[in-house]
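Here is the structure we will look at, set down as structure tokens.
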Amino acid sequence: MSAEKRRAMIARAREKVAAHGLEFDNDPRFLASEERWISGEITIAEFRAEYLDLIMQRQEDEWLKRAFDRSKR
């Protein structure tokens, strides 16, 4: 699949998300993975895995923040 086709797919996905009043992920780490997928550097499976890793990292960061905030009480 060409980079142009992949870029168009992402654009359509962003439009659909916006049409539902939601915001597409704009995290620089996600955008970097997105560009790597568009360029063909990684597969869609690798793109998905990187995004899942990012979500897990966010959850861990939030958990650590809450744990730290509780310890300051």
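A few points about this structure:
- Placing +1 on the Cβ of every Lys and Arg and -1 on the Cβ of every Asp and Glu, with nothing else charged, gives the chain a dipole about its Cα centre of roughly 260 debye.
- Value of [θ]222 nm, deg cm²/dmol, for the chain, DSSP H segments ≥ 4, -39500 (n - 2.57) each, nearest 500: -26000 deg cm²/dmol
- Folded to 0 to 90 degrees: helix 3-19 orientation relative to the chain principal axis, Cα: 50 degrees
- Spatially proximal aspartates and glutamates relative to Lys72 (Cα-Cα < 19 Å; intrachain offsets below 8 disregarded): Glu60, Asp61, Glu62
- 14 Å cut-off, amide nitrogen to a point 7 angstrom out along Met9 Cα→Cβ, residues in region 43-72: 43-49
- The chain, Cα convex hull volume normalised per residue, Å³: 94 Å³
- Compared with the dominant Cα axis of the chain, that is its longest principal axis, helix 44-71 is turned about 20°.
- Think of a 1.4 Å ball rolled over the protein heavy atoms: region 1-69 then has 75 Å² of accessible area per residue.
- Seen from Glu41, the other residues with C-beta closer than 13 Å to its C-beta sum to a net charge of -2, counting Lys and Arg as +1 and Asp and Glu as -1.
- Dipole orientation for the chain: of the candidates His20, Phe47, Met9, His20 has the Cα lying most toward the positive pole (charges on Cβ; Lys, Arg +1; Asp, Glu -1).
- Relative to the dominant Cα principal axis of the chain, helix 28-38 is inclined by about 20°.
The values are calculated or read from the model by the stated rules, or taken from the named source; none is laboratory data. What you see is a predicted model, and the numbers here were worked out from it, not measured in a lab. Here Cβ is always computed from backbone atoms with ideal geometry, including for glycine, and neighbour counts include all displayed protein chains. Ligands, DNA and RNA are stripped out before the accessible areas are found, and what is left, the full protein with its side chains, is counted by its heavy atoms. Shrake-Rupley method; radii C 1.70, N 1.55, O 1.52, S 1.80 Å.
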